[in-house]
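Novice: Below you will find the structure I want to go over with you.
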Amino acid sequence: MTSLKRSHASTAPTTTLSSKTYLRTLKSGKVQKIVRELYLRQDIPCSSQLCTACLDLAPPSFHRKTEPFVLSATPAATKQYPQGHYLVPDTNAFLSAMDLFETEGAAFQDVIVLQTVLEEVKNRSLPLYNRLIALTKNEGKRFYVFFNDFRLETYVQRDAGETINDRNDRAVRKACAWYAEHLRQAVTARQSARYPAVIMISNDKDSLRKANAEDIEASNLESYVKGLPDADRLLDMVASSREQRLARETKAETLYPEYLSMSAMLTGVKNGTLHQGIFNVSPYNYLEGTVHVPAFDRALIVQGRENSNRAVSGDIVVIEVLPKDQWKAPSSKVIEEEDLGKNENAEVDEDSSEAIVTERERRALQEEVRRAHGQVAEGKKQPTAKVVGIIKRNWRQYVGHVDKDSVRTRTKDSRAQQTVFLVPMDKRIPKIRVRTRQAAGLLGQRVLVTIDTWDRESRYPVGHFIRSLGELETKGAETEALLLEWDVQYRPFPRTVLDCLPPEGHEWEVPKSVDDPGWTGRRDLTDLLICSIDPPGCVDIDDALHARLLPNGNFEVGVHIADVSHFVKPNNAMDKEASLRGTTVYLVDKRIDMLPMLLGTDLCSLKPYIERYAFSVIWELDKNADIVSSTFTKSVIRSREAFSYEAAQLRIDDKSQQDDLTKGMRHLMMLSKRLRAKRMAAGALNLASPEVRVQTESETSDPVDVQTKQLLDTNQLVEEFMLLANISVASKIYEAFPQTALLRRHAAPPKTNFEELGNQLKVKKGMELHTDSSKAVADSLDKCVDQSEPFFNTLVRILATRCMMSAEYFCSGTQAPSEFRHYGLASEIYTHFTSPIRRYADLEAHRQLAAAIDYEPLDASLQSKSKIEAVCKNINVRHRNAQMAGRASVEYYVGQALKGRVLEEDGFIMRIFSNGFVVFVPRFGIEGLIRLRDLPEEVGREQDSVFDSEDYSLTLRGGKVERKVELFQKVTVKISDEAEESTGKRKIKLQLTK
Amino acid sequence: MPLDTSTYALAHLRLDGRRWNELRRLHASLSVQSSSDGSAYLEQGNTKILATVSGPQEPVRRTGRDGSSEAKIEVEVNVTPFSGTDRKRRAKGEKRVQELQLTVARAFQGVVLGHLYPHSVVEVRLHVLSQDGSLLAACLNAATLALIDAGIPMTDYIAACTVASSPSSDQSIDDSDPLLDLNGLEEQELPFLSIATSGEEGKVCVLMMETKVQMARLEAMVSVGLDGCGQIRGILDEVVRQHGKRVLEAKVG
Ligand SMILES: [Zn+2]
């Protein structure tokens, strides 16, 4: 216990007690009076190497350390200050020109950072405060923090009626005066005449004037920099900081507008003065949202923080359309929150309320308006609205990470409660303020949070932290993150669900005796030569097919679907779980089943060589694939073979195979081509979405390669008959249950959806896009061919797909029959029947079909319109979420596969903004934003480049050669990967090369 | 947002301008309330306690087995609603308050010569008028003074203080300083312990730590704490002597 022997000096007799009293107004309106003690002392050194008086002033720390003196004895001289100088910047000098202070080289050294200033900087911007602290630790820069408010001689008491700002300015001047005098004495003691000037740096005119009056050397930044050797380069930085300062001085809004009362909103919506819809935020511009409302063809634009008034993407909002002169064109610019909001404080300043709209955001949007006036035709302006109230919040749990710049104390053992920003993975969701004591521990973690409230006076919503999912970028954490983000129920099935499974388990088989009740009402189709065709490695085989030539020259074709409804009875625990999950979710390395494995991959799965229960649709088709008759029956089948698409294709193409099974497959192939041709003729759309497959090494499941999915004829064979079965079943159940049939529709997109794409094709390629009907769309898409670029057509189809509405499940009684139409498939009626293992909608359709053919009575839940509606609502959401989760998983794995690699690939420009453009890389199915400000210097500079919104082109200037990039252009891009700062995701980064 | 404890490393100055080993101003007076048998008012920085003592007396509530041959110390802590920054009424039964009562009672049970007053009770009431850190320590110090004022025989003073561990200036080397006598802000942000000793030899009678701290830092913290208790003991002793002197002078005069 050596430390015990250490003597501990008692309370220093040198201190003088003072106290600091201030009032703090809380959000709630309460006023707190805070009294703090202040121990003023004279043992705080000046830290100038010129001074000997201060040398032994500071008592040593517990570890017997004394801090070396920081400020040079021979500080740099300038034209104005040939004797050398120390700088004392005020708060605004740091806030507006931190870059300047960070300059490498001889400028901006020997700086005294006053405690008063440090505290104010922290109040205004935590990120800038952190940069300033970093500067004080940089030995070469010689920044010294002088605790002027603790030193007796420099302490300033706030006078009655004096504002905090004025008091602080006075404190800065007093510290300057003290330093000047102190140094003069120090130098005199050394009998030398030259002592460095102490210069206050401020841009505040009033403060400069007062300094002058008090004989304190002071200068504004600009004139100070002018006197420096490297003035030209540095002056550039001053100019930009002055702009920022001007921006700050304009008055900002401090409160979001109040919401209307619920009754006012409802009345408004009823009489048409207000509109209700879902608020969607643009993924490219967090300050712009759109709302589709029935009264307008085009989506209404909601621009800026004030107009969107605390609506979060997904909320159901009520909006008021603004007068026509305030209408805007949709943003042509990428605006990202991380750019504009990076210096903001998570901690709310209790003394003053924060501005709701930051000046940077206001300017980002204003630039927009200027461009809109200059170049955008009036026709491009769209109805613009503001949010006046929220009908229903659609807040959920969000996955994200803690913004490291918002964390105040990073030491792990700090218990201080602090407010930090949580940056959600979903860019459309704003940063969330979270109060926590474990901020340091959460850095670098994937975390789950919720939003609790969004008050009028807070720029950002406030939420709380739920739990950590693990370290960023680890597979476990990222997988869980995307499952949570898309609300996928991924916990193992509970006991109650597993108890619903057949007690025989894997031993279950189709009863031998046809007297068994399982055989009641079932046809024995085990003689038919049935086979299944699926992706390779498929274990949950939903469907199987057969075809044979009938004596009359027609064909008998059967589609046999796993009889899941035999095993999953309505309203038991398993059914409830399945209806909740809605669908099986496929991730790259993982499948989250809707039904327990035993059913999905064994008992229901139409595995080859064994008998299985099925639900069969059997048609008689003529040579033209027209339906002569159709029958629906529960059955028992025995699949002869489970083919992969490729194997089936080989079998069909192999002329030497002449057995009946192969012949049947050839019939199927022939008929499917007829069906397809008819469908296309009717106007079905052949759309494209980029699909890639990630190849993984099975053991480690680390991705090794990425491939674009290939389509074979056999893919289309299966698809055609599944469509046919779905359509037949839809008609049948609608006929039986006109009010409660569970169907699927795809609404025709409003014409305005295609306007932009049509115009782009016309301007850039001289092509016409006709959109009167799906047939017209299909035909004109076929004509969008660029002989020199085969991929162009696919690109157009991808873009066209994005103009479409999404298909949805609905209950037949809720829509007029004219609304049943499936636009993309050009079918009058449609449902999902063929994948009951992995989709709940199909299971419900099975039950309805079984009742329609009098196989069993219909459960009460399937006769109630409201219950079917509720099921549809849920599965629509689940379906969409499953797709998004799948896509996110592919995205993650593509990122992992490309990790550490740098590739050059062809890409196509699919969207163009005024400050960047989006490139699609077919090989990996990825699209990425290339921002002008990230361009390499030899290619061009953002400020010199010109955007032509009419021509969809950007002229890049400022580089070696002028270069034009335009929509649909083929470009070569360099692909590398980087962990994205804002979302913490490993993302693919694209760079323009040539 | 004022500066926080992380700035300590910049100049080894704490949030209120103190150095690592400095106590806050401690002010105390005795016999401040004539209606009780003994009383004291104590300020440690902005933590302000009024302590009153009644007894030894017969216990009011007779519990079943009262065969104890020692006087029982009963402590009641009353945290006034206006003592914190947010005006909030605290329930008597609140866990923190109960724990505080128990800790103080146990500490004094060890120094009060209870066998002199069998079957009786000494009641100590601690009114927390203002809170700014080191609450337990201030309660112990105030109770010592009030008990002395009441003339309850004790083996020695109990003197208490708190010690925290400052944040390390960088992650690689641990140059954390122990910080003596915490104010409210420091207490919220730093790992700390409360320590109390009795007698000149500094026998530890309370050591309480509710936060986690690196093991390596503990020794230094305790050592600084022991020294702090010694200083406090000196101050309390001086207060008692001055008070005694005044009483004597008044009697003589
Ligand atoms: Zn000095």
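Novice: Report yes if residue A:962 is more than 17 Å from residue A:918 (Cβ to Cβ) and modelled with pLDDT of 80 or more, otherwise no.
Specialist: Yes, satisfied.
Novice: Next up: Has segment B:121-135 got any residue that is touching a residue at least 12 places away in the same chain (Cβ under 8 Å) and part of a helix (DSSP H, G or I)?
Specialist: Yes, some residue in segment B:121-135 is touching a residue at least 12 places away in the same chain (Cβ under 8 Å) and part of a helix (DSSP H, G or I).
Novice: Only one of these is of a type in the set (Asp, Glu) and either within 16 Å of the ligand (Cβ to nearest atom) or buried (at least 21 other Cβ atoms within 10 Å of the Cβ) (or both): A:99, A:90. Name it.
Specialist: A:90 is the lone residue from the list that is of a type in the set (Asp, Glu) and either within 16 Å of the ligand (Cβ to nearest atom) or buried (at least 21 other Cβ atoms within 10 Å of the Cβ) (or both).
Novice: Further question on the same structure: Filter segment B:31-47 for residues that are crowded, with 22+ Cβ neighbours inside 10 Å and either closer than 20 Å to residue B:234 by Cα or facing chain A (nearest Cβ under 9 Å) (or both) and give the result.
Specialist: Result: B:39, B:40, B:42, B:44, B:45, B:47.
Novice: In segment A:719-763, how many are of a type in the set (Asp, Glu), within 20 Å of residue A:773 (Cα to Cα) and surrounded by fewer than 16 Cβ atoms within 10 Å (Cβ to Cβ)?
Specialist: Total meeting the criteria: 1.
Novice: Here's another thing I want to ask about it. Only one of these conditions is not met by residue A:186: (1) within 16 Å of the ligand (Cβ to nearest atom); (2) touching an Asp or Glu at 6+ places or on another chain (Cβ under 9 Å). Which number is it?
Specialist: (2)
Novice: Identify all residues within segment A:531-549 that are farther than 17 Å from residue A:650 by Cβ and among the charged types (D, E, K, R); write none if there are none.
Specialist: Of everything in segment A:531-549, those that are farther than 17 Å from residue A:650 by Cβ and among the charged types (D, E, K, R) turn out to be A:540, A:542, A:543, A:548.
Novice: I would also like to ask the following. Of the residues that sit in segment A:52-75 and are hydrophobic (A, V, I, L, M, F, W, C), assigned to a loop (DSSP other than H, G, I, E, B) and within 16 Å of the ligand (Cβ to nearest atom), which one is nearest to the other protein chains (Cβ to nearest Cβ)?
Specialist: Here the answer is A:58.
Novice: Across segment A:38-48, what is the number of residues that are in a loop (DSSP other than H, G, I, E, B) and either within 10 Å of the ligand (Cβ to nearest atom) or in contact with a helix residue (DSSP H, G or I) (Cβ under 7 Å, 6 or more places away or on another chain) (or both)?
Specialist: 4
Novice: Does segment A:757-772 contain at least one residue that is part of a helix (DSSP H, G or I), of a type outside the set (Lys, Arg) and at pLDDT below 85?
Specialist: No, that holds for no residue.
Novice: Among what's in segment A:143-185 and is part of a helix (DSSP H, G or I) and basic (Lys, Arg), pick the residue that is farthest from the chain's Cα centre (by Cα).
Specialist: Checked segment A:143-185; the qualifying residue farthest from the chain's Cα centre (by Cα) is A:184.
Novice: Which one of B:147, B:185 is touching a helix residue (DSSP H, G or I) at 6+ places or on another chain (Cβ under 8 Å) and surrounded by 23 or more Cβ atoms within 10 Å (Cβ to Cβ)?
Specialist: B:147
Novice: Being surrounded by 23 or more Cβ atoms within 10 Å (Cβ to Cβ) and in the same structural domain as residue A:537 (by TED's automatic domain parsing) is true for just one of A:669, A:594. Which residue is that?
Specialist: Exactly one residue qualifies, and that residue is A:594.
Novice: Within segment B:3-30, take every residue that is hydrophobic (A, V, I, L, M, F, W, C) and in a helix (DSSP H, G or I) and give me the one that is farthest from the other protein chains (Cβ to nearest Cβ).
Specialist: Among residues in segment B:3-30 that are hydrophobic (A, V, I, L, M, F, W, C) and in a helix (DSSP H, G or I), the one farthest from the other protein chains (Cβ to nearest Cβ) is B:9.
Novice: Separate question: Within segment A:264-319, which strands (runs of 3 or more DSSP E) (wholly inside it) include 2 or more residues that are touching a residue at least 40 places away in the same chain (Cβ under 8 Å) and touching a helix residue (DSSP H, G or I) at 6+ places or on another chain (Cβ under 9 Å)?
Specialist: Result: A:275-281, A:300-303.
Novice: Now for a different question. Which of the following residues is of a type in the set (S, T, N, Q) and in contact (Cβ under 8 Å) with a residue 60 or more places away in the chain: A:109, A:115, A:157?
Specialist: Checking each option against the conditions leaves just A:157.
Novice: One residue is enough: does segment A:107-116 have a residue meeting the conditions closer than 22 Å to residue B:175 by Cβ, within 14 Å of chain B (Cβ to nearest Cβ) and more than 16 Å from the ligand (Cβ to nearest atom)?
Specialist: yes
The values are calculated or read from the model by the stated rules, or taken from the named source; none is laboratory data. What you are looking at is a predicted structure, and each value in this text was computed from that prediction instead of being measured. Note that each Cβ is placed from the backbone with ideal geometry, even for glycine, and that neighbours are counted across all protein chains shown.
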